[in-house]
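Written out below as structure tokens is the structure these notes cover.
Values quoted throughout were computed directly from the atomic coordinates according to the rules given, and no laboratory measurement underlies them. Remember, it's a predicted structure, so these values are computed and weren't measured experimentally. Cβ: placed from backbone, ideal geometry, glycine included. Neighbour counts: every protein chain shown.
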Amino acid sequence: MEESLYPQLINQTINDPFKPWKDVFDHLVCGVVLIDASTRRISYANRVALTMTQWEEGEILGARCHDFICPAEADHCPFLDHARSIDLDERMILGKNGKNIPILKRVTRIEIEGRPYVLESFTDIQAQKERESELETLYGTDTLTGLPNRASLEKIIEDLKMDDPMHPQGHSLIMADLDLFKNVNDRFGHQAGDEVLREFGFVLKESMRKVDIVFRWGGEEFLIFARNTDSATASQIAERLRKLVEKTKFPIVGHITASFGIAQSRPGETFEKWFHRTDFCLSKAKHDGRNRIVDWEGFVSDSWHQGKIPWIKLLDSPDKELNHQHKELLHRINELLQTLIPLQEDPQRIARIEAFIAFYRDHTQYEERRFKEISYPYHEFHETEHQRIKHDLALMKTKLDSGLADYFSVVDYIVREIFVYHMSMEDTKFFPYLETKES
Ligand SMILES: [Fe+2]
Ligand SMILES: [Fe+2]
């Protein structure tokens with residue numbers, strides 16, 4: 001490492017052009033380094049950068065930036081030599097112990113007192129990289145696309161702190177699915193279909209941020225785990241992907257589109273329910289005409305505003321009576337939603353809730369009878385869920401009568417727990433066991 005040549009402006013409080021910046025940067029939780037764009041020498045490193053690398057300030061100020069940051073790009077700096085943007089890209093920074101530390105960095109230009117500087121901000125992703133390589137060793141990857149498989153995600157989710165106070169926005173899941181993929185296989189053959197899947201996986205992986213992980217979920221479905229990302233940002237990401245897929249010319253088959261479902265994690269929610277909300281949104285995107293995005297927040301707010309949840313294919317069962325009852329349940333749920341618009345007192349509200357609870361009770365009895373007839377192996381869990389929901393409904397009704405619960409929260413519970421979780425998640429599990437029952 002050559003000796004520091006840069007004037008020690010940084011230590012001179014008088015004439016220190018960085019003083020106002022240092023006051024800000026020294027309070028950040030990420031590393032920050034300022035590089036003089038003309039000399040390419042380090043002018044400033046904040047506390048986090050020094051702690052992360054263990055260098056003393058005097059050892060790196062004035063040194064050439066590539067001696068420390070991204071040493072592999074010393075002769076061809078993508079940012080300064082090729083004017084390429086670096087935004088949440090993975091790079092390396094050299095620690096004092098001689099080891100390269102993997103970082104996720106963002107680079108931008110700023111001007112301080114008329115002089116151009118390069119501002120590098122970065123976080124240490126060493127722990128994440130170690131975990132990823134551990135996962136690769138443990139679970140391997142999907143052979144067709146080279147992407148991590150479903151088992152890897154399950155392991156990540158197990159380790160994930162869903163209620164991390166540092167990231168109150170939670171994480172988002174994006175489920176991506178190629179539209180009418182069956183037609184590709186039928187028309188062009190499975191080999192062409194595999195080529196499309198490989199390309200689709202590649203497009204997703206290459207265009208996602210480095211912090212995100214793309215999984216091959218199975219068939220033509222891919223799941224993206226967007227870390228520390230709220231639903232609004234995940235929707236923007238998915239929209240970018242949707243447009244990109246639409247523009248992409250796939251080998252042999254040409255253009256093809258994709259649909260996306262998005263849901264943000266909720267505190268205390270199980271992964272299964274979170275995933276199911278995502279999958280539900282994808283089904284709705286398909287139902288609404290494909291080549292589109294449906295996010296959970298948007299779905300909920302549209303349902304409230306329009307008072308209408310559509311029937312989706314996922315809910316079709318081979319039992320005609322069951323189908324009829326589920327359609328009736330959805331019809332009644334939509335009626336309840338309708339009573340929320342406009343927000344004025346409806347004398348029938350309580351009666352509607354009562355009627356709904358009675359109908360639901362009868363419906364669960366029908367399902368439980370069918371479980372016996374078809375010897376459904378998981379009937380015990382399903383029946384416990386029925387009991388739980390009926391108990392919750394009775395409790396909410398009592399609270400509603402005594403003014404301890406509001407009408408809105410009861411309808412919200414019915415939509416979430418009965419329609420989204422129970423009906424479309426638990427009920428659909430026993431559909432394959434059903435034989436068609438003639439009406
Ligand atoms: Fe049901
Ligand atoms: Fe059920």
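Backbone geometry of segment 215-223 corresponds, through the Karplus equation with coefficients 6.51, -1.76 and 1.60 at θ = phi - 60°, to 3J(HN,Hα) couplings of 10, 7, 8, x, x, 9, 9, 10, 10 Hz, x marking Gly and Pro. One decimal place: the segment Glu56-Glu111 gains 17.3 nm when fully extended, by the rule 0.36 nm per residue minus the C-alpha distance. In terms of surrounding Cβ atoms within a 10 Å radius of their Cβ, Val410, Val211 rank from fewest to most as Val211, Val410. Around the amide H of Met92, modelled in the peptide plane, lie the amide H atoms of Cys70, Ile103, all under 5 Å away and 5 or more residues distant in sequence or on another chain.
Based on Cα atoms of segment 9-124, Rg over Rh with Rh as the Kirkwood radius reads 0.93.
Each part reduced to its alpha carbon centroid, segment 286-331 and segment 198-225 end up 27 Å apart.
Fraction of C-alpha pairs exceeding 35 angstrom in the chain: 47 percent, rounded to a whole number.
As a proxy for reagent exposure, ranking Tyr366, Tyr117 by other Cβ atoms within 10 Å from fewest up yields Tyr366, Tyr117.
The helix-based estimate of mean residue ellipticity at 222 nm for the chain, built from -39,500 (n - 2.57) per DSSP H run of four or more residues and divided by its residue count, is -13500 deg cm²/dmol to the nearest 500. Relative to the current alpha-carbon distance between Asn97 and Glu335, full extension at 0.36 nm per residue lengthens the span by 79.0 nm. Pairs exceeding a 22 Å alpha-carbon distance, out of Lys327/Lys429; Lys105/Lys129; Lys327/Lys399; Lys249/Lys313; Lys320/Lys372: Lys327/Lys399; Lys249/Lys313. Contact order, relative form, for segment 9-124: 25 percent (alpha carbon pairs under 8 Å, 6 or more residues apart, mean separation divided by residue count). Straightening the chain between Gln236 and Phe18 buys 75.0 nm, computed as 0.36 nm per residue apart minus the Cα-Cα spacing. Going by neighbour counts of Cβ atoms within 10 Å, the residues Ser207, Ser152 line up, fewest first, as Ser207, Ser152.
Would you please classify the overall shape of segment 126-301 from the alpha carbon gyration tensor, given that a ≥ b ≥ c denote the square roots of the eigenvalues, rounded means a/c under 1.5, and beyond that prolate means a/b larger than b/c while oblate covers the rest? Oblate, because a/c is 1.5 or more while a/b does not exceed b/c. Taking only the alpha carbons of segment 176-230, we obtain Rg and Dmax values of 12.6, 40 Å in that order. In this calculation the C-beta distance from Lys247 to Leu404 is compared with R0 = 41 Å, giving a FRET efficiency of 0.15.
Please compute the net charge surrounding Thr143, taking Lys and Arg as +1 and Asp and Glu as -1 over other residues with Cβ under 13 Å from its Cβ. After counting each charged neighbour, the total is 0.
Taking every C-alpha pair closer than 8 Å and separated by at least 6 residues, the mean separation divided by the residue count of the chain gives a relative contact order of 10 percent. With the simple spin-label model, which puts each label point 7 Å out from Cα in the Cβ direction, the Asn183 to Arg47 separation comes to 6.0 nm. If R0 is 25 Å, the Cβ-Cβ spacing of Asp194 and Arg290 corresponds to a FRET efficiency of close to 0.70.
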